[in-house]
Amino acid sequence: MINLVDLLKPIEGAPHVVMVLGKGGVGKTSTSILISSELSRLGKTLLVSFDPAKHILKYLSISRPAEVIKVSDDFFVSQLDIEVSAKELTSKYSSLISDLFPSLSVLNLEDITKALKYAPGVEEEVFLNWLSSAYENKNFRFIVIDTPPTGISLRTLMLPKLYLLWLEKLINIRERIVSLRYVIAKTLGREVKVSDPALIKLYEMREKYGRVKEALTDPSRTSFVVVTNPEPLPMYELREVLKFLGEELSTSPKLLVMNKVLPEDIAVRLGAHEEQKAIIEEFTSLPGRSIMIPYVSNPPSKLEDILRLREAVTVVKGA
Ligand SMILES: Nc1ncnc2c1ncn2[C@@H]1O[C@H](COP(=O)(O)OP(=O)(O)O)[C@@H](O)[C@H]1O
Ligand SMILES: [Mg+2]
């Protein structure tokens, strides 16, 4: 039997975050469960799903989202409810605004919160905030993430870099405001306030996003696993993800997974043999470690089914 843990090595730092990426429907959630179950043999593992379809609840027979639930000895799972988390986050930001700028109380904060709720980028922000706290979570040795749709995931992974650029500019402007205020107050002989809560917050944010950016690109803290199928669209998305990881994060996936490979006779019967063969050839030529999982006639619908897939895994490249 394949040892997925060996294939994910070297996994050093704790908590080590494993991000499972890939097009919807390829088997991201199933693969995340499989990997988490394997890793839990090494240490306490939390599997978190951002999948809006919440399939994980079905696979693991869980009724309530948003809580950490024990699956087996060292295997825990949690389904994030983006809507609930988005509400929490927007109200946190509203109170931050009112704390930092009490003079803004003329603005209707409730309206701001409502507007934030529908603002673009809220899901990315929820994901990023959660990710940032995951790296600080000392309760788990491994945190496996069943990621949201690729677009949201990649945009989220870009955010720390973007935020840091904005923050540099904002800090610069705020520092100038603070020092001008200081000069004016001194000139007028008024009491001088040295610390500026807004500036402190900006420094805090710069540190927080700097830490996430570093962790994301550090292979001892983060592993990327990309799942695909022998079909054009999942392969297209795989290429996009590989390009993104290389260009934006200067990293490469720790493991590639080709799931739902049709047994040869079925592929021939379906007339899909040539296409599958060409795709698998391309997949096999990609650098890094990779595995294949066959298409099973009874699609996995519960934990035991998924764990049974482990027996069918073949290693394409283990080195
Ligand atoms: N190896 C496989 N063979 C057959 N069906 C599979 C396989 N892996 C996953 N499936 C099925 O494909 C569907 C999508 O799987 P899931 O893990 O939920 O994917 P995703 O999270 O990428 O949307 C599910 O119905 C699941 O049972
Ligand atoms: Mg899923």
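Taking helices (runs of 4 or more DSSP H) that fall entirely within the range 16-124, which contain at least 1 residues that are modelled with pLDDT of 85 or more and touching a Pro at 6+ places or on another chain (Cβ under 8 Å)?
Fully inside the range 16-124 and qualifying: 28-39, 55-59.
Can you name the residue in the range 40-56 that is within 13 Å of ligand 1 (Cβ to nearest atom) and of a type in the set (Gly, Ala, Ser) and is also surrounded by the fewest Cβ atoms within 10 Å (Cβ to Cβ) among such residues?
Ranking the qualifying residues of the range 40-56, first place goes to ALA53.
Could you tell me which numbered condition VAL5 fails, if it satisfies all but one of (1) closer than 18 Å to SER85 by Cα; (2) in a helix (DSSP H, G or I); (3) away from ligand 2 (no atom under 16 Å from the Cβ)?
Status for VAL5: all satisfied but (1).
Name the residues in the range 99-153 that are touching a residue at least 60 places away in the same chain (Cβ under 8 Å) and hydroxyl-bearing (Ser, Thr, Tyr), would you?
SER132, TYR135, THR147, THR150, SER153
When the residues of the range 23-37 are filtered to those that are more than 6 Å from ligand 1 (Cβ to nearest atom) and within 18 Å of MET235 (Cα to Cα), which remaining residue is surrounded by the most Cβ atoms within 10 Å (Cβ to Cβ)?
THR31
Among all residue pairs at least 6 apart or on different chains, which show Cβ distances below 7 Å where the first residue, located in the range 216-227, is surrounded by fewer than 22 Cβ atoms within 10 Å (Cβ to Cβ) and the second is acidic (Asp, Glu)?
Close Cβ pairs satisfying both conditions: SER220/GLU12.
Would you mind telling me which numbered condition in (1) over 21 Å from SER133 (Cβ atoms); (2) more than 19 Å from the chain's Cα centre (by Cα); (3) away from ligand 1 (no atom under 13 Å from the Cβ) TYR59 fails?
Here TYR59 meets the rest and fails (3).
Can you say whether LYS28 is in contact with an Asp or Glu (Cβ under 7 Å, 6 or more places away or on another chain), of a type in the set (D, E, K, R) and away from ligand 2 (no atom under 15 Å from the Cβ), as far as the supplied structure shows?
The answer is no for LYS28.
Of these, SER91, SER85, which one is farther than 30 Å from VAL225 by Cβ and either within 16 Å of ligand 2 (Cβ to nearest atom) or of a type in the set (Ser, Thr, Tyr) (or both)?
SER91 is the lone residue from the list that is farther than 30 Å from VAL225 by Cβ and either within 16 Å of ligand 2 (Cβ to nearest atom) or of a type in the set (Ser, Thr, Tyr) (or both).
The values are calculated or read from the model by the stated rules, or taken from the named source; none is laboratory data. Just so it is clear, the structure is predicted and the values come from calculations on it, not from any experiment. Glycine gets a Cβ as well: all are built from the backbone with ideal geometry, and neighbour counts include every protein chain shown.
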